[in-house]
Amino acid sequence: AAKAAGKGQYCFYKSEQYQTLMNRINSQATLERAVNHDQFVMHYQPRFASASGKMCGIEALVRWQNPERGLLLPQEFIALAEATGLIVPLGKLVMEKVCSQIAQWSTMQLPLVPVSFNISAFEFNESDIPGGLAQCLERHKVPPELLEVELTETALVADKGGAATALATIRGMGVKCLIDDFGTGFSSLSQLQRFDTDVLKIDQSFAAELGRTEKTATFFRAIVSLAHALGMGVVAEGVETAEQLRMLLELECEEVQGYYMCSPVPAAEMAILLEKRFRMSLDAL
Ligand code: C2E
Ligand code: MG
Ligand code: MG
Ligand code: MG
């Protein structure tokens, strides 16, 4: 546009490139303020044991309470946080919130299940996660069995040598490690071989395909038996229909998570679900 106008600079301010740059600087500044003022809250989504229907874990998912735009989902800000490095202080907030929430639920004497939270690849490689975890658990007097971390294959692949050690330290502390979005990374199987982890969470894109093609059931069957042979557990993520749930139970996938059973809810609602020992309904199957 600047070239077309002939007079150079002035037009640069109106150019699309310039606007994109300004928007980015603005969003980065806004996100930085949000982190400094802690405008984040966690929502919680249960996962269930297929055999009993009991709640067997809870995933903590971050939301941005934006003063102008309301409650924002991770898709609106996690990528920017990763690109700017803000994911490191944001991740610290998340870890702190999760530990403090577990401590609060314990004080309320609720029947607890382990709570997991997500750690980005960049965060895992750039900051001292094991050290941070140890401090956080200690500060809140939370037993490590009540905390779990979710890492993607990318976090392990991006390894500069430290990931395997960090992973071993975390597990050595008694905190379980779940591999998130399994099946979408580049080298799933070689990672499985190189890293000891506790649970595979099969990416939601696979549950979405169940019932549509026979191949997907085969994939689940293979992953479930591979995980079991390696002494690991499996969770199917993103279960949205009774039909998908029914198939997953048939495939002996031992844990399930998804909107069909329960959507992510605010902490206060999760406290109620814990209190009443909420179970998934198997009625419609
Ligand atoms: P994820 O860890 O794989 O989390 C599962 C996502 O799927 C969540 O989206 C959840 O709300 C959504 N979900 C649950 N059940 C269903 C279902 O039945 N169908 C479908 N289509 N989706 C379902 P959410 O909360 O928007 O989070 C998206 C992603 O953002 C997460 O994927 C995770 O990678 C990232 N994320 C969330 N919280 C944090 C966090 O505290 N720290 C970091 N670093 N990343 C986070
Ligand atoms: Mg996750
Ligand atoms: Mg996932
Ligand atoms: Mg994900």
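I'd like to check something: does segment 197-209 contain any residue that is away from ligand 3 (no atom under 16 Å from the Cβ) and of a type outside the set (D, E, K, R)?
For segment 197-209, residues away from ligand 3 (no atom under 16 Å from the Cβ) and of a type outside the set (D, E, K, R): absent.
Just one of the numbered conditions (1) in contact (Cβ under 8 Å) with a residue 60 or more places away in the chain; (2) in a helix (DSSP H, G or I) is not true of ALA29; which one?
(1)
Go through the residues of segment 92-113 one by one and say whether even a single one is in contact with a strand residue (DSSP E or B) (Cβ under 6 Å, 6 or more places away or on another chain), free of Cβ contacts under 8 Å to residues at least 40 places away in the same chain and crowded, with 17+ Cβ neighbours inside 10 Å.
No, segment 92-113 contains no residue that is in contact with a strand residue (DSSP E or B) (Cβ under 6 Å, 6 or more places away or on another chain), free of Cβ contacts under 8 Å to residues at least 40 places away in the same chain and crowded, with 17+ Cβ neighbours inside 10 Å.
For GLN45, are the conditions met, namely being open to solvent by 20 Å² or more (accessible area, probe 1.4 Å) and either part of a strand (DSSP E or B) or away from ligand 3 (no atom under 16 Å from the Cβ) (or both)?
Taking the combined requirement at face value, the residue does not satisfy it.
Looking at ARG194, is it over 21 Å from ALA60 (Cα atoms), among the basic types (Lys, Arg) and over 19 Å from the mean Cα position of the chain (by Cα)?
Spelling it out, ARG194 is indeed over 21 Å from ALA60 (Cα atoms), among the basic types (Lys, Arg) and over 19 Å from the mean Cα position of the chain (by Cα).
Mind checking whether some residue in segment 260-283 is over 21 Å from the mean Cα position of the chain (by Cα) and more than 30 Å from GLN101 (Cβ to Cβ)?
yes
What are the residues in segment 189-215 that are crowded, with 18+ Cβ neighbours inside 10 Å and at pLDDT below 90, if any?
GLN191, LEU192, PHE195, listed by residue number.
The values are calculated or read from the model by the stated rules, or taken from the named source; none is laboratory data. No experiment lies behind these values; they were computed from the predicted model shown. Reconstructed Cβ throughout: ideal geometry from the backbone, glycine too, with neighbour counts over all protein chains shown. Heavy atoms of the whole protein, side chains included, go into the accessibility calculation; ligands, DNA and RNA do not. Shrake-Rupley method; radii C 1.70, N 1.55, O 1.52, S 1.80 Å.
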